[in-house]
Amino acid sequence: MVKRFEVLILGGGSGGISVASRLVRVLGSGSVGIVEPSDTHFYQPLWSLVGAGQAKKEESAKPMSQVIPQGAEWIRDSVVKVLPEQNQVLLKGGDTLAYEFLVVATGLQLNWEKIPGIAGRIGQSGICSIYEYHQAERTFQMFREFQGGDAYFIMPPVPIKCAGAPQKIMYLFDDLMRQWGRRDQVRITYVTASQAIFGIPVFAQALERIRQEKNITVWFGHRLEQVDPDQRTVTFIVTSPSGLVERKTVKYDLLHVVPTQSAHQYVIESGLAHEEGDHKGWLAVDKYTLQHFRFGNIFGIGDVTGIPNAKTGAAIRKQAPGVVENILRVKKGLAPKPFYDGYSSCPLVVGIGKVILAEFGYDGKLMPTFPINPAVPRRSFWFLKKYLLPQLYWKGMLRGLA
């Protein structure tokens, strides 16, 4: 027997839970299903602070059972494939689910396997990363143990979730080294695949000044190719602004690694992804309505979407109400309403107690919430990131109230 839902949501992350909480209140108990295999829900923006000893990892995690909204049914399984013509979803456990509307909120996957030499070595051999729950805490332990040498912080090709995070942990590392009296023994290099330190010019200029003040070197056009943990070397493919390509291998003492990221394979195999262009492989939805281009009863939210925005939790906070409204509009036979302007927010931690609140939308348009210079680091925004935003997330956003 195939179980049917008015709205089936794939993914119990920020987007899936936020949309479910709103829909259950409108459609009633039993109308919404959430497919999510994980037992734990994570507030990932806190991991940059965990990696610097400024927060506990336990503060970023809650049992999934505590965030699934009452009245929604939790299907603890993984998606194998979507059959959009049949309005069905095939699950790993063998079950098939049917839907009237589908919300794809599965986020993205970390492609660690695409970095030769890294398997099984994160958290040892000088290699760390804040992009995993347990490794964020281990990163701080490795910082404490680090006595000096060459420290490299890697930024892979975009898109990735929270593109500012590889810099945030680097600036926090710099502050810790200064606090512990070791900064003179450390050479810090930011290694990015892009040709700019940040995508929005006003914030790039501010970060460039901060980088210079902190005596941090930056290498542009460097893409991580492989790591040799035994020899403690890392190899990059270097592309110059003129297009010249070469290979560079250097010795490292500390290496903070961020993998490339992509939508889950089923998005492609189900015919739901862009087939070409900058967003190839990501969910093909309209950037203003978040409705799928081919299937009008499918919507996307969050990191899985192939739209020209930054992949952050703040983006999801803006997307969730509009996705719910558009599902209800289409359900009534109305056209979906353009609502999303690309808004995203990236609290750029540039030191302990210092944050630049970067808020912007499509085409790099600045969208500051507060009437002050957005490119100035402020202590007030540190408190916003560390204390207020987590509370807004757990008590507001996930409950469909923010």
(Q) Can you tell me, using C-alpha contacts under 8 Å and at least 6 residues apart, the relative contact order of the chain as a whole percent? (A) 18 percent
Q.
If every alpha-carbon in segment 178-295 counts as one equal scatterer, what log10 I(q)/I(0) does Debye give at q = 0.12, 0.19 1/Å?
A. -0.69, -1.13
(Q) Need one value: the accessible area of residue 274 in square angstrom, 1.4 angstrom probe, rounded to the nearest 10. (A) 40 Å²
Q: Please calculate how many Å² of accessible area segment 19-87 carries per residue, with a 1.4 Å probe and no DNA, RNA or ligand atoms counted.
A: 44 Å²
Q: Sketch the reach of a paramagnetic label on residue 178 as a point 7 Å from Cα along Cα-to-Cβ, and name the residues of segment 188-228 whose backbone nitrogen lies under 19 Å away.
A: 188-190, 205-218
Q: Using only the C-alpha atoms of the chain, find the volume of their convex hull and express it per residue in Å³.
A: 139 Å³
(Q) With viscosity set to 0.890 mPa s at 25 °C, what whole-number translational diffusion coefficient in µm²/s follows for segment 65-194 from Stokes-Einstein and a Kirkwood radius over Cα pairs? (A) 133 µm²/s
(Q) On a straight-distance basis, which lysines could pair with residue 248 in a cross-link, Cα separation under 27 angstrom, same-chain partners fewer than 8 positions away excluded? (A) 114, 161, 168, 214
Q: Between the alpha-carbon centers of segment 22-85 and segment 240-306, tell me the distance in whole angstrom.
A: 22 Å
Q. Just the Cα atoms of segment 1-136: what Rg and Dmax do they give in Å?
A. 17.4, 52
Q. Any idea what angle helix 14-27 forms with the longest principal axis of the chain, computed on alpha-carbon atoms, 0 to 90 degrees, nearest 10?
A. 20 degrees
(Q) In Å, what Kirkwood hydrodynamic radius results for segment 155-236 from the alpha-carbon pair distances? (A) 13.9 Å
Q: Among 11, 205, 195, flag the residue with its Cα farthest along the positive direction of the charge dipole of the chain, charges on Cβ as +1 for Lys/Arg and -1 for Asp/Glu.
A: 205
Q) Using alpha carbon centroids, what distance separates segment 319-378 and segment 172-213, in Å? A) 25 Å
Q. To the nearest 10 degrees, how steep is helix 133-145 against the longest Cα principal axis of the chain, on a 0 to 90 scale?
A. 10 degrees
**Q.** Cα-Cα separations in segment 260-402 greater than 22 Å, expressed as whole percent
**A.** 47 percent
Q | Residue-averaged [θ]222 nm for the chain, counting only DSSP H segments that reach four residues, each worth -39500 (n - 2.57) | A | -7000 deg cm²/dmol
(Q) What number does segment 360-402 give for Rg over Rh if you use C-alpha atoms and the Kirkwood radius? (A) 1.05
Q.
Pairwise over distinct Cα atoms, reciprocal of the mean inverse distance: report the Kirkwood radius of segment 123-169 in Å, one decimal place.
A. 11.6 Å
Q | Paramagnetic reach from residue 228 in segment 247-266 [backbone N under 17 Å; point 7 Å along Cα→Cβ] | A | 247-255
(Q) Just to be sure I understand: of the beta bridges DSSP finds with both ends in segment 1-111, what percent are antiparallel, rounded to 5? (A) 40 percent
Q: Count the net charge of all other residues whose Cβ sits under 14 Å from the Cβ of residue 344, scoring Lys and Arg as +1 and Asp and Glu as -1.
A: +2
Q | For segment 351-400, accessible area per residue (1.4 Å probe, heavy atoms of protein chains only), Å² | A | 52 Å²
Q: Please find, in a Gaussian network model of the chain (springs between Cα atoms separated by less than 10 Å), the residue of 112, 180, 47 whose mean-square fluctuation is greatest.
A: 180
Q | Residue list for segment 134-178, given a label point 7 angstrom along the Cα-to-Cβ vector of residue 239 and an amide N cut-off under 16 Å | A | 155-160
(Q) As a test question: what accessible area, to the nearest 10 Å², does residue 168 have when a 1.4 Å probe is rolled over all protein chains in place? (A) 10 Å²
Q. Considering only protein heavy atoms and a 1.4 Å probe, what is the carbon-and-sulfur percentage of the accessible area of the chain?
A. 50 percent
Q. What is the Cα coordinate range of segment 220-261 on the first, second and third principal axes, sorted by size from largest, in whole angstrom?
A. 33, 23, 13
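The values are calculated or read from the model by the stated rules, or taken from the named source; none is laboratory data. In this text, all values refer to a predicted model and were calculated from it rather than measured experimentally. Using ideal geometry, Cβ is built from the backbone for each residue, glycine included, and neighbour counts are taken over all protein chains shown. SASA here: full protein model, heavy atoms, side chains in, ligands and nucleic acids out. Shrake-Rupley method; radii C 1.70, N 1.55, O 1.52, S 1.80 Å.
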